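The values are calculated or read from the model by the stated rules, or taken from the named source; none is laboratory data. Given the structure is predicted, the values throughout are model-derived calculations rather than measurements. Neighbour counts are summed over all protein chains in view; Cβ atoms, including those assigned to glycine, are modelled from backbone coordinates with ideal geometry. Ligands, DNA and RNA are excluded from the accessible area calculation, which covers all protein heavy atoms including side chains. Shrake-Rupley method; radii C 1.70, N 1.55, O 1.52, S 1.80 Å.
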Amino acid sequence: MSIRILPSDIVHRIAAGEVIDRPYSVVKELMENSIDAHATYIQVAVRNGGKTYISVKDNGWGIKKDELELAIQRHTTSKLPKDDLFDVRTLGFRGEGLPSIAAGSRLYISSRTSDEENGWSLFAEGGKVHPLKPVPQDMGTHVEVKDLFYALPSRLRFLKTDAWEGEFILMTFKKLALAYPSIRFTLKVDKHEVFDLPCSADRKRLIHILGKDFAKNHIPINGGQGALKLKGAISLPTFHKSTPNYQYFFVNGRPVKDKLLSSTVRNVYQDLIFRKRYPVLALFIEVPPDEIDINIHPQKHEIRFKQPEMIRRFIKGALSHALHENAHQVSTTLSREMLDMLFTDESSSPHSYTTLKEEFSPYTSPKEQKKSQHEQSFRSYPLGHAQGQLYETYIFSEGEDQVFIIDQHAMHERCGL
Ligand code: ADP
Ligand code: MG
C-alpha cells in the first residue's frame with residue numbers, strides 16, 4: 001500500500017482524542033485554563049459523570065471578544081511567550097484544550113475582560129462555529145460542554161458508568177484543589193454540592209482533601225536543597241491504605257504521575273510498611289523550569305526530569321529524615337479489622353486510639369457495668385477487652401484468664417491491615 005498524507009480533519013480527530021479521552025480530561029483542561037487566567041474562584045459542575053454536562057466558571061482575566069474564535073482553533077495559545085518548551089510556567093501551553101473539546105461536543109464559551117462593557121458568547125457545535133452574541137457577564141469566563149462526544153460515536157461507546165466517570169472527575173478536581181489552596185473551588189455533581197473549599201492555607205486544604213484521620217497521622221515536610229524545594233505531608237508508617245490512589249505528586253504546581261517519585265516513596269517506606277500497603281501523601285516539588293520536560297504527554301500529566309538521580313536522592317533524603325525524626329509516633333487510627341479482634345463498647349467509635357484511651361482510662365472502671373457483656377464477648381474477640389493504652393503504642397487487653405499487651409505497629413504488620 002502506498003503512503004498518503006492523512007486528511008486534516010482525521011489528523012485533528014486523532015490529536016483531539018489524545019487530549020480529551022474521557023469527561024475528566026475536559027474538567028482538567030478547563031480548570032487548568034481558569035487557573036492560568038489567575039482566577040481566585042472556580043466553580044465546577046457536572047451531570048451524568050460529565051457525559052451530558054460540564055461547566056467551569058471562573059473570575060479570571062477573561063478572553064477578548066476578537067480572540068474568542070481564535071481560542072478554539074488548534075495550536076493557538078496566549079501562553080509560551082518565548083516559544084521555549086523548556087521554560088513553561090503555565091499549566092497549558094500546547095493550545096489544544098479548547099479545540100479538542102470543540103471537536104466532539106457542543107461548546108459554549110462566554111467571557112468578559114476588564115476592558116469590555118459586556119461579555120461575548122460563542123457556540124460551537126461539532127466543529128461549526130456560530131456568530132458571537134453579546135451577553136451580560138461578570139469579568140471572567142464560563143465554559144459549558146454539553147453532550148460530550150455526541151459527534152464521535154466510537155468514543156461515546158467507550159464511556160463507562162456515570163459513577164465511574166464521576167470518580168475520575170473527583171480525583172482531577174481534588175488534585176488541582178490541593179495544588180492551589182489560595183483559590184476557592186466548588187464542585188457540584190448532579191444536584192449536590194460536593195465541595196466548597198474556601199481559599200485557605202496549604203495545610204488546611206490538605207486536611208480538607210485528605211481527611212481528618214490524615215490530619216492526626218501525618219508528618220509535615222518542608223525542605224530544600226539549592227533550587228530544589230519540597231513541601232507537603234506524608235503519613236506515619238502506621239497509617240496506610242490498600243491503594244496508592246491517595247498519593248499525590250505535584251511538580252511546579254502541576255499534578256503528575258511519575259514512576260521515579262512513586263518508586264522513591266516505596267523505597268523510603270519499604271522496611272516500615274507491610275507489603276501491598278501504601279502511605280498517604282501529598283508532595284509538592286519545585287524545580288527550575290528548565291530541569292523538566294513536560295512536553296512528553298498530550299495530557300501533560302507525565303514529565304521527565306533532566307537529572308532524575310539528583311531528584312531521587314533529594315526526595316529520599318528529605319522523607320527518610322522526616323520519618324526518622326518522627327520514629328516515636330504511631331498512627332492514632334485503629335483499622336476497623338483490628339478493632340474487630342478487640343472488644344470495645346459501642347460508644348468507643350469512631351475507632352481511634354484517642355477514643356480508646358479515653359474510654360479505658362484507669363480512672364474509670366468499666367469492669368462492673370460490662371461484666372455480663374464481657375462474658376459473652378470473650379469468645380468472639382480473641383484479643384479480649386481493650387482496657388488501656390501506654391505510650392500511644394501498646395494496648396492492654398483483658399482476656400478470659402490472661403492479659404494481652406499488644407504492640408499496634410507489630411499487629412498491623414502481622415495482620416496485614
Ligand atoms: P492552552 O491552554 O494550551 O493555551 P487552550 O486551547 O486550552 O490552550 O486555550 C487557548 C487559549 O484560550 C488560552 O491560551 C487562553 O488565552 C484562552 N483561554 C482559555 N480558557 C480561558 C479562561 N478560562 N480564561 C482566560 N483565557 C482562557
Ligand atoms: Mg488549556
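Scanning region 256-286 for residues that are under 15 Å from the mean Cα position of the chain (by Cα) and surrounded by fewer than 18 Cβ atoms within 10 Å (Cβ to Cβ) yields LYS257, SER262.
With respect to the conditions (1) within 27 Å of LEU187 (Cα to Cα); (2) away from ligand 1 (no atom under 12 Å from the Cβ), LEU6 lacks only one, and its number is (1).
For LYS82, indicate whether it is among the basic types (Lys, Arg) and more than 10 Å from ligand 1 (Cβ to nearest atom).
Yes.
Identification of strands (runs of 3 or more DSSP E) wholly contained in region 231-313 with 3 or more residues that are not aliphatic (A, V, I, L, M) yields 247-251. Mind listing whichever residues of region 83-116 are under 26 Å from the mean Cα position of the chain (by Cα), more than 16 Å from ligand 2 (Cβ to nearest atom) and of a type in the set (D, E, K, R)? Hit for region 83-116 is ASP87, nothing else.
Within region 182-197, being under 20 Å from ALA39 (Cα atoms) and either surrounded by 13 or more Cβ atoms within 10 Å (Cβ to Cβ) or among the polar types (S, T, N, Q) (or both) holds for SER182, ILE183, ARG184, PHE185, THR186, LEU187, LYS188, PHE195, LEU197.
Restricting region 128-146 to residues that are touching a residue at least 40 places away in the same chain (Cβ under 8 Å) and more than 11 Å from ligand 1 (Cβ to nearest atom), the residue that is surrounded by the most Cβ atoms within 10 Å (Cβ to Cβ) is VAL145. Can you find a residue in region 75-91 that is assigned by TED's automatic domain parsing to the domain that holds TYR53, closer than 23 Å to PRO23 by Cβ, open to solvent by less than 50 Å² (accessible area, probe 1.4 Å) and touching a residue at least 60 places away in the same chain (Cβ under 8 Å)? Looking for residues that are assigned by TED's automatic domain parsing to the domain that holds TYR53, closer than 23 Å to PRO23 by Cβ, open to solvent by less than 50 Å² (accessible area, probe 1.4 Å) and touching a residue at least 60 places away in the same chain (Cβ under 8 Å), one finds at least one in region 75-91, hence yes. Residue-level analysis places LYS65 among those that are away from ligand 2 (no atom under 16 Å from the Cβ), at pLDDT 95 or above, over 29 Å from VAL194 (Cβ atoms) and surrounded by 14 or more Cβ atoms within 10 Å (Cβ to Cβ). Within region 13-26, is there a residue that is within 16 Å of ligand 2 (Cβ to nearest atom), part of a strand (DSSP E or B) and modelled with pLDDT of 95 or more? No, region 13-26 has no match at all. Being open to solvent by less than 70 Å² (accessible area, probe 1.4 Å) and of a type in the set (S, T, N, Q) holds for only one residue in ASN222, ASN245, ASN252, and it is ASN252.
Might you let me know whether region 33-49 holds any residue that is more than 22 Å from LEU80 (Cβ to Cβ), surrounded by 20 or more Cβ atoms within 10 Å (Cβ to Cβ) and either over 19 Å from the mean Cα position of the chain (by Cα) or without any contact (Cβ under 8 Å) to a residue 60 or more places away in the chain (or both)? Among the residues of region 33-49, not one is more than 22 Å from LEU80 (Cβ to Cβ), surrounded by 20 or more Cβ atoms within 10 Å (Cβ to Cβ) and either over 19 Å from the mean Cα position of the chain (by Cα) or without any contact (Cβ under 8 Å) to a residue 60 or more places away in the chain (or both), which makes the answer no.
A quick yes/no check of all residues on (1) basic (Lys, Arg); (2) touching a residue at least 12 places away in the same chain (Cβ under 8 Å); (3) farther than 24 Å from GLU96 by Cβ:
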| residue | (1), (2), (3) |
| --- | --- |
| THR264 | no, yes, yes |
| TYR269 | no, yes, yes |
| ILE273 | no, yes, yes |
| LYS276 | yes, yes, yes |
| LEU281 | no, yes, yes |
| PHE284 | no, yes, yes |
| PRO288 | no, yes, yes |
| HIS297 | no, no, no |
| ILE303 | no, yes, no |
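The residues of region 90-113 that are within 12 Å of ligand 1 (Cβ to nearest atom) and more than 19 Å from ALA15 (Cβ to Cβ), listed by number, are THR90, ILE109, SER110, SER111, ARG112, THR113.
Considering only residues in region 201-219 that are part of a loop (DSSP other than H, G, I, E, B) and touching a residue at least 12 places away in the same chain (Cβ under 8 Å), the one that is least open to solvent (accessible area, probe 1.4 Å) turns out to be ASN217.
Quick one: which residue in LYS229, LYS212 is basic (Lys, Arg) and within 28 Å of ARG89 (Cα to Cα)? Step by step, each of LYS229, LYS212 is checked, and only LYS229 is basic (Lys, Arg) and within 28 Å of ARG89 (Cα to Cα). For LEU80, state whether it is within 16 Å of ligand 2 (Cβ to nearest atom) and modelled with pLDDT under 95. So LEU80 passes the test.
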